[in-house]
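See structure below.
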Amino acid sequence: MKIDELKQISIKEIKGIGDKNGSLFARLGIESLFDLLYYFPRDYKKLPPIVKANELIEGSVCAVRLTVSDDVYFKKTTNNAITTLSAYDDTGRVFMTFFRVTYIRSVLKPGSTWVFLGKVVRKGTKFAFEMPEIIKVNEYIDNSNSLQAIYPLTKGITSKTISKYVKQTLDSNSDLVDSLPNDISKELNFCTLREALYGIHFPKDSESKKLSKDRLAFEEFYRFFKGLKDQADKYNRLESQCVFIETAEYERFKEVLPYELTNGQKNALKDIVEDLTGGFVMNRLVQGDVGSGKTIVAFLACLLCASNGYQAAFMAPTEVLASQHYKNFCELNDRYKLGLNITFLSGSLTASQKRKISDSLERNEFNLVVGTHALFQEGVKFSSLALAVTDEQHRFGVEQRNLLENKGIHPHVLSLSATPIPRTLAEVYYTGLQVSVISDKPKNRIPVKTGVRIAEERVDGLRFLYSKVKEGQQAMVVCPMIEENENVDLSNVYDYADYLKDLMPKDIRIGILHGRMKNLEKTRVMNYFANGDIDILVSTTVIEVGIDVPNATVILIENAERFGLATLHQLRGRVGRGDKASYCILINGSKSNEDNERLDVLMKSDDGFFIADEDLRLRGPGDLLGVRQSGDFQFLIGDLYRDRDLFIKAKEYVDRNT
């Protein structure tokens, strides 16, 4: 079976997963067998050796082999179910407490022997466990020499549960077909796809884990470059059906702009105009740092398109960002009497509203439409689409962009990206695209003041944050986790929001935002924040792209040492978008000199390209929340920075084999 075919098989097809468990897996984004196999561990742990009862150490995670006594006690209350028991070996007795696990009595039968794994506590003179893992003796011994996967979790699902169903899926699909050409796998001495998936989920040691990761990362990069090359071949010297000239409306607006364009903006605009008037289909990317002014360049391109009698579509990754662009474009249109007919299209509109807008577009009543992915839905039709703009292009897949482009007869394509990529990698990454780089920033942009604080100084940072909120400004707090995870001690959104509610006065309005929320709920929260109805937004990195609130002047990032510098720079760019002084507070939970050195880079510079180069130089393989996990480039396991050699090698093999 080809790996892509597993995308069509629901996870509910696995024995033991019904609707209830299926909905829990869906919260992790796991809905198909493909999603399950490609839901990679975020870390690994080594099982501790089995010790005797009298060798347990208070406060440590220990494993002990014990036989269950017959003193099992069960008590059920309105809100809880508590099971207590004891177990023993030839050196002593250990006491156990289990909460809300009513089935435990049918598992831990008197006289049965198990390995209990957990953090040791002391109750009086006795050792005890609270909610230990219960593992069969043979199973524990078999796994004691290998690494155990730790996955990002949600309540109701454990890493052990995920591992169980991954193994079950791999065992029942022994005929997985490699998608890498055989000659490449043989030349690079790669294991098979099935072996790589086994090795990443159930590695015997660090070496086997690395071999599996490299195999999967290379394949991901290879498929990425193959898609890019196919896209480039499609546009290679394709004659344009839309004839452009530099119009009077376009020239007049350039002259009356309330600010002077930077040299980078002027050069990018020159490249775009030459493409649009050159007779061939444009496929250009404008890469610019946070706040470099890419949007006004794209708007000028849309104006040139519309004033030539064609339609332009501007697609943003979130409804909030799309609506902000729509509002800004309408204000420019009204203030400077540009003669544009602008409309807005998003998924939250009713079916009748969407149909009405689509009919108007088909009748050419609008020459600029701003929206989200709703623009490329099947029912949306255009009369003369000649320019498709995608903002934050890496957030859209190639297939999604193709759907929008197919709305016209080979329309020009302009992509925007604020993701800084080191120049040494950019040449490889942007294969098949013409690239314009805006490296300078508008003169009126106020730099964001950045400071690093240790965890013990958190309250000082929050006190400063509150002082700005009290002045009528807004703030954001970023946490690396959505909810508490028993395997890691990192700040999470839900507990942090509760902490702030206890800490702040009752009139401070606190909101929560994270990636597992439904799109409608995310949009609602971001709209509340954009409209000033939330004072402090506690979020994950989902705000990295898609929110532009000029009144937000402070961002505090917890466990900053766990993020890549490029991600931190993107998050910092969420403030400083208005005319007020803005601040970024990085809470460093690490004591290491390496982490301090990395975070110091952000204090020294606000140049995203310099930061990206430093990130490439400084980042190590232990960075758990780097570029891949933040969503950039849509790589599931490959990391553009850490795996740069594989990245470049994959490009070479695509060029050689196609």
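The values are calculated or read from the model by the stated rules, or taken from the named source; none is laboratory data. Everything numeric in this text was worked out from a predicted model, so none of it was measured. Glycine gets a Cβ as well: all are built from the backbone with ideal geometry, and neighbour counts include every protein chain shown. Side chains included, ligands, DNA and RNA excluded: accessible areas come from the protein's heavy atoms. Shrake-Rupley method; radii C 1.70, N 1.55, O 1.52, S 1.80 Å.
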Next on the checklist: Given the condition modelled with pLDDT under 95, open to solvent by 60 Å² or more (accessible area, probe 1.4 Å) and of a type in the set (Ser, Thr, Tyr), answer yes or no: does some residue in the range 343-360 qualify?
Outcome noted: yes
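Listed here are the residues, each with its yes/no results for (1) polar (S, T, N, Q); (2) touching an Asp or Glu at 6+ places or on another chain (Cβ under 9 Å).
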| position | (1), (2) |
| --- | --- |
| Arg42 | no, no |
| Ile50 | no, no |
| Leu56 | no, no |
| Ser60 | yes, no |
| Val64 | no, yes |
| Asp90 | no, no |
Checklist entry - Before we move on, is Asp334 open to solvent by less than 10 Å² (accessible area, probe 1.4 Å) and of a type in the set (D, E, K, R)? => result no
Checklist entry - Exactly one of (1) modelled with pLDDT of 90 or more; (2) more than 28 Å from Met315 (Cβ to Cβ) is unmet by Arg572. Its number? => result (2)
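Can you confirm whether Arg284 is assigned to a strand (DSSP E or B) and open to solvent by 10 Å² or more (accessible area, probe 1.4 Å)?
Numbers: assigned to a strand (DSSP E or B): yes; open to solvent by 10 Å² or more (accessible area, probe 1.4 Å): yes.
Yes, satisfied.
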Next on the checklist: Condition first: in a loop (DSSP other than H, G, I, E, B), over 16 Å from Ile157 (Cα atoms) and open to solvent by less than 50 Å² (accessible area, probe 1.4 Å). Can you find one or more residues in the range 23-41 that meet it?
Outcome noted: yes
Item to check | Residue in the range 551-566 that is at pLDDT 90 or above and surrounded by fewer than 20 Cβ atoms within 10 Å (Cβ to Cβ) present | outcome: yes
Next on the checklist: Going residue by residue through the range 273-281, is there one that turns out to be touching a Phe, Trp or Tyr at 6+ places or on another chain (Cβ under 8 Å), surrounded by fewer than 16 Cβ atoms within 10 Å (Cβ to Cβ), β-branched (Val, Ile, Thr) and over 24 Å from Leu571 (Cβ atoms)?
Outcome noted: yes
Checklist outcome for this item: For the range 116-149 the number of residues that are more than 37 Å from the chain's Cα centre (by Cα) and either crowded, with 17+ Cβ neighbours inside 10 Å or modelled with pLDDT under 90 (or both) is 5
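Does the range 512-522 include one or more residues that are assigned to a helix (DSSP H, G or I), modelled with pLDDT of 90 or more and of a type in the set (Lys, Arg)? Break it down stepwise before answering.
Going through the range 512-522, the residues assigned to a helix (DSSP H, G or I) turn out to be 519-522.
Okay, now just the ones that are also modelled with pLDDT of 90 or more, so none.
There is no residue in the range 512-522 that is assigned to a helix (DSSP H, G or I), modelled with pLDDT of 90 or more and of a type in the set (Lys, Arg).
Any idea which of Ile134, Ile162, Ile141 is assigned to a helix (DSSP H, G or I), among the hydrophobic types (A, V, I, L, M, F, W, C) and closer than 19 Å to Cys62 by Cβ?
Testing whether each residue is assigned to a helix (DSSP H, G or I), among the hydrophobic types (A, V, I, L, M, F, W, C) and closer than 19 Å to Cys62 by Cβ leaves just Ile141.
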Item to check | In the range 536-550, residue farthest from Arg445 (Cα to Cα) [restricted to those that are in a loop (DSSP other than H, G, I, E, B) and open to solvent by 20 Å² or more (accessible area, probe 1.4 Å)] | outcome: Asp548
Next on the checklist: Suppose we filter Phe202, Phe224, Phe218, Phe244 for residues that are at pLDDT below 90 and not small (Gly, Ala, Ser); which single one remains?
Outcome noted: Phe224
Item to check | Flag if Ala475 is closer than 20 Å to Asp233 by Cα, at pLDDT 85 or above and not in a helix (DSSP H, G or I) | outcome: no
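Kindly establish whether Ile57 is assigned to a loop (DSSP other than H, G, I, E, B) and either under 30 Å from Gly124 (Cα atoms) or modelled with pLDDT of 90 or more (or both). Even if it seems obvious, please write down each step before you answer.
Numbers: assigned to a loop (DSSP other than H, G, I, E, B): yes; either under 30 Å from Gly124 (Cα atoms) or modelled with pLDDT of 90 or more (or both): yes.
Answer is yes for this residue.
Please state which one of Lys75, Lys45 is farther than 30 Å from Ala26 by Cα and either assigned to a loop (DSSP other than H, G, I, E, B) or touching a strand residue (DSSP E or B) at 6+ places or on another chain (Cβ under 7 Å) (or both). Walk me through it before giving the result.
Working: Lys45 fails: farther than 30 Å from Ala26 by Cα.
Result of the check over Lys75, Lys45: Lys75.
Could you say which residue among Gly589, Gly532, Gly576 is closer than 20 Å to Thr450 by Cβ and open to solvent by 10 Å² or more (accessible area, probe 1.4 Å)?
Values: Gly532 fails: closer than 20 Å to Thr450 by Cβ; Gly576 fails: open to solvent by 10 Å² or more (accessible area, probe 1.4 Å).
Of the residues listed, the single one that is closer than 20 Å to Thr450 by Cβ and open to solvent by 10 Å² or more (accessible area, probe 1.4 Å) is Gly589.
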Checklist entry - Taking only pairs six or more apart or across chains, which ones have beta-carbon atoms under 6 Å, a first residue in the range 90-110 that is closer than 22 Å to Val121 by Cβ, and a second residue that is part of a loop (DSSP other than H, G, I, E, B) and modelled with pLDDT of 95 or more? => result Thr91/Lys52
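Residue by residue, here is whether (1) surrounded by 18 or more Cβ atoms within 10 Å (Cβ to Cβ); (2) in a loop (DSSP other than H, G, I, E, B) holds:
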| site | (1), (2) |
| --- | --- |
| Tyr250 | yes, no |
| Glu260 | no, yes |
| Gly291 | yes, yes |
| Ala313 | yes, no |
| Lys327 | no, no |
Checklist entry - Which ranges mark the helices (runs of 4 or more DSSP H) fully within the range 591-650 that have 2 or more residues being modelled with pLDDT of 85 or more? => result 593-604
Checklist outcome for this item: Log entry, pairs with first residue in the range 348-368 being assigned to a loop (DSSP other than H, G, I, E, B), second being at pLDDT below 90, beta carbons closer than 8 Å, six or more apart or on different chains, reads Ser348/Glu319; Ser348/Leu520; Ser348/Thr523; Leu349/Ala374
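At pLDDT 95 or above and more than 17 Å from Glu365 (Cα to Cα): is that true of Ala301 in this structure?
Details: at pLDDT 95 or above: yes; more than 17 Å from Glu365 (Cα to Cα): yes.
Yes: the conditions hold for Ala301.
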Checklist entry - Which residues, counting only those in the range 79-112, are open to solvent by 60 Å² or more (accessible area, probe 1.4 Å) and assigned to a strand (DSSP E or B)? => result Tyr88, Arg93, Phe95, Phe99
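Can you tell me which residue in the range 4-20 is most open to solvent (accessible area, probe 1.4 Å), limited to those that are of a type outside the set (Lys, Arg), under 18 Å from Ser163 (Cα atoms) and touching a residue at least 12 places away in the same chain (Cβ under 8 Å)?
Filtering the range 4-20 down to residues of a type outside the set (Lys, Arg) leaves 4-6, 8-11, 13-14, 16-19.
Keeping just the survivors that are under 18 Å from Ser163 (Cα atoms) gives 6, 10-11, 13-14, 16-18.
Subset that is touching a residue at least 12 places away in the same chain (Cβ under 8 Å): 6, 10-11, 13-14, 16-17.
Values: Leu6: 0, Ser10: 44, Ile11: 3, Glu13: 137, Ile14: 17, Gly16: 53, Ile17: 9 Å².
The extreme case among them is Glu13.
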Item to check | Among residues of the range 481-511, those that are in contact with a helix residue (DSSP H, G or I) (Cβ under 7 Å, 6 or more places away or on another chain), at pLDDT 95 or above and assigned to a loop (DSSP other than H, G, I, E, B), counted | outcome: 1
Next on the checklist: If I ask for residues that are assigned to a loop (DSSP other than H, G, I, E, B), surrounded by fewer than 15 Cβ atoms within 10 Å (Cβ to Cβ) and among the acidic types (Asp, Glu), which ones from the range 165-213 would you list?
Outcome noted: Asp175, Asp205
